[in-house]
Amino acid sequence: MTVDDSGSSTDAQGRVDRGHPYPADPGEDPLALRLEQLILGAERRYTPFQAARSAGVSMELASRFWRAMGFADIGQAKALTEADVLALRRLAGLVEAGLLSEAMAVQVARSTGQTTARLAEWQIDSFLEGLTEPPEPGMTRTEVTYPLVELLLPELEEFLVYVWRRQLAAATGRVVQAADDEEMVDRRLAVGFADLVGFTRLTRRMEEEELGELVEAFETTAADLIAAHGGRLVKTLGDEVLYVADDAGTSAEIALRLIETMAHDETMPELRVGMAFGTVTTRMGDVFGTTVNLASRLTSIAPKDAVLVDSAFAEELIRTRDAPASEAAAAEEAAAAEKEGEEPPAYRFALQPMWQRPVRGLGVVEPWLLARRNGTS
């Protein structure tokens, strides 16, 4: 059999077979191939070279896009479909039209690939695995999987697009409200790290399944609280979550809610939170810079079930009247308000200065202990 550049094959009798999949590895599961075709909506038809040529892009650029999306090199196996060609054509078209630079198009491919890869892994590990338990004795998981995926696929696809559009609208709104062009990339944000105390010891004592359930419960609780109170979850790291908020008051409320919620759950270890306020660089959904590093360092030195903030964060809470400069100042304000027959300021938070201390890589910092004031919640 010979294969020409179009992807058609010709057998010894000269018969042409167009568009059929590349012969599968003898060890490849037939169900896996059927599921792949169902999900992708097309058969394997192209080698990487043929896909690149059909899309009108160089093999070098096609390889950059595919690697950015997280796809392994496959040599010249015929494993690509019309959808792969269309994706290449669209990315290259954005570059040709001047809407994106080549470097930006690669970033789009990388950010999309990383995000959806994690989503797909979660859906298979935690979602489909449970749903494909055989409903009747004698049935195999294989017999259940295909029809289930066939039913779920269009619904999940619609939901994914809906959530993405909602998130894109929210992110766009934040950008256009930025004060200037520089603020769109380097913004002043409140950054918070929440970390489970003693997690390493737990990994030695708990079974893997128990540990997985604990981490999932922590991440779910944290994600829900952060979203509900106006923050944005940046990423989870097993025993740690990183989040940001546009203002210090929102971030402070989230931190204390996290501590209070976890403290009421007997299955959870203690939590500690560190927060800093300042300029943050955002790239591909992540955050970087000294402010992020400082929040991380403060988390590592925070007491159990407590929140530490840096001096810039404390100053911001004082500036926005979310916390008094000191309890003495608050008492003076209350006395003055009473004398004038007015309501005293209703501060939400209290700040207690701690001893200055050196922090690795950041010099000497002055942490402040954050708490609720007068039992407010």
Next item on the list: Output the peptides 190-198, 285-293 sorted from most to least packed, where packing is the average of other Cβ atoms within 10 Å over each peptide's residues.
Entry: 190-198, 285-293
Checklist line | Spin-label model distance (nm) - Lys339 vs Ser111, 7 Å beyond Cα toward Cβ | finding: 5.5 nm
Note to self: Rounded, prolate or oblate for region 260-318? Axes are the square roots of the Cα gyration tensor eigenvalues, ordered a ≥ b ≥ c, and the cut-off for rounded is a/c under 1.5.
What the structure shows: prolate
Notebook entry, point to check: Counting only DSSP beta bridges with both residues in region 227-377, what percent are antiparallel, rounded to the nearest 5?
Noted result: 80 percent
Next item on the list: Take every Cα pair under 8 Å in region 147-282 that's 6+ residues apart, average their separations, divide by the length, and report that relative contact order as a whole percent.
Entry: 35 percent
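Can you tell me the order of 50-56, 90-96 when each peptide is scored by its average per-residue count of other Cβ atoms within 10 angstrom, highest first? Mind showing how you got there, number by number?
Numbers: 50-56: 20.0, 90-96: 16.7.
Put in order of decreasing packing, that is 50-56, 90-96.
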Margin query: Amide H of Asp247 versus every other amide H placed in the peptide plane: which residues, excluding those fewer than 5 positions away on the same chain, fall under 5 Å?
Written below: Ala190
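Using the heavy atoms of the protein chains and a 1.4 angstrom probe, tell me the accessible area per residue for region 153-301 in square angstrom.
Numbers: 8120 Å² over 149 residues.
For region 153-301, the solvent-accessible area averages 54 Å² per residue.
Quick check: with the 1.4 Å probe, what order do Met275, Met59 take by accessible area, largest first?
Largest accessible area first, the residues go Met59, Met275.
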Note to self: Can you sort Glu210, Glu260 by solvent-accessible area, 1.4 Å probe, largest first?
What the structure shows: Glu210, Glu260
Item checked: Percentage of interatomic Cα-Cα distances in region 146-275 larger than 21 Å -> 53 percent
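The values are calculated or read from the model by the stated rules, or taken from the named source; none is laboratory data. Here the structure is a predicted model, which means the values were calculated and not measured. Ideal geometry is used to build each Cβ from the backbone, glycine not excepted, and the neighbour counts take in all protein chains shown. Each accessible area value is taken on the protein alone, full model and side chains, heavy atoms only, with ligands, DNA and RNA left out. Shrake-Rupley method; radii C 1.70, N 1.55, O 1.52, S 1.80 Å.
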